[in-house]
Amino acid sequence: MVITSTKKLTFEEYLNYQGESGVCYELYRGNLIEIPTPTGIHIKICQFLVYQFRRFFAAQNLPLVAIVTTAVRTEEDSSRVPDVVICTRSLWKSARNLVLPYWILKKNRC
């Protein structure tokens, strides 16, 4: 984990942050953290997992979605980038339409 700045950022500042090209960032309690860029095999594994989860959810008629390349707002000034996000369809639909909720999902910060 590499903290890239001593200045603490708000979540809104993080959304507008323009970092180095090709560098991924997470925000943890206001600290901007550089995270490794996923490798090709890592991306393929994540896509495979999402595909398998989606097939399972459809076969079992579960109201769940699996998403890759999404960051999740986890607390006031934090946003993490998990490999795969699984949540209910209703949460995913509502989170996409909210402006500044506690749960906000946005595109990966890479």
Give all pairs with beta carbons closer than 9 Å in which a residue from the range 43-55 that is within 19 Å of Cys24 (Cβ to Cβ) meets a residue that is hydroxyl-bearing (Ser, Thr, Tyr); count only pairs at least 6 apart in sequence or on separate chains.
Ile43/Thr69; Cys46/Thr69
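In the range 35-71, how many are among the small types (Gly, Ala, Ser) and either open to solvent by 40 Å² or more (accessible area, probe 1.4 Å) or in a helix (DSSP H, G or I) (or both)? Steps first, answer last, please.
Start the filter on the range 35-71 by keeping residues that are among the small types (Gly, Ala, Ser), which leaves 40, 58-59, 66, 71.
Next, only the ones that are either open to solvent by 40 Å² or more (accessible area, probe 1.4 Å) or in a helix (DSSP H, G or I) (or both) stay: 40, 58-59.
The total comes to 3.
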Checklist (1) part of a loop (DSSP other than H, G, I, E, B); (2) basic (Lys, Arg); (3) modelled with pLDDT under 85 applied to Lys8, failing item:
(3)
Leu32 fails exactly one of the following numbered conditions: (1) assigned to a helix (DSSP H, G or I); (2) surrounded by 11 or more Cβ atoms within 10 Å (Cβ to Cβ); (3) not aromatic (Phe, Trp, Tyr). What is the number of that condition?
(1)
Within the range 13-29, which residues are open to solvent by 70 Å² or more (accessible area, probe 1.4 Å), charged (D, E, K, R) and within 17 Å of the chain's Cα centre (by Cα)?
Glu13, Arg29
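Go through the range 22-61 and give me each residue that's among the aromatic types (Phe, Trp, Tyr) and under 30 Å from Leu9 (Cα atoms).
To start, the set of residues in the range 22-61 that are among the aromatic types (Phe, Trp, Tyr) comprises 25, 28, 48, 51, 53, 56-57.
Of everything in the range 22-61, those that are among the aromatic types (Phe, Trp, Tyr) and under 30 Å from Leu9 (Cα atoms) turn out to be Tyr25, Tyr28.
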Among the residues of the range 11-57 satisfying the criterion of being out of contact with any strand residue (DSSP E or B) (no Cβ under 7 Å at 6 or more places or on another chain) and at positive phi, which is modelled with the highest pLDDT?
Gly30
Under 9 Å between Cβ atoms, which residue pairs at least 6 apart in sequence (or on different chains) link something in the range 59-70 that is more than 14 Å from Ser90 (Cα to Cα) with a partner that is in a loop (DSSP other than H, G, I, E, B) and among the hydrophobic types (A, V, I, L, M, F, W, C)?
Thr69/Val81; Thr69/Cys110; Thr70/Val81
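The values are calculated or read from the model by the stated rules, or taken from the named source; none is laboratory data. Predicted model only: the values in this text are computed from it and were never measured. Neighbour counts are summed over all protein chains in view; Cβ atoms, including those assigned to glycine, are modelled from backbone coordinates with ideal geometry. These area figures cover heavy atoms from the full protein model, side chains too; ligands, DNA and RNA do not enter into them. Shrake-Rupley method; radii C 1.70, N 1.55, O 1.52, S 1.80 Å.
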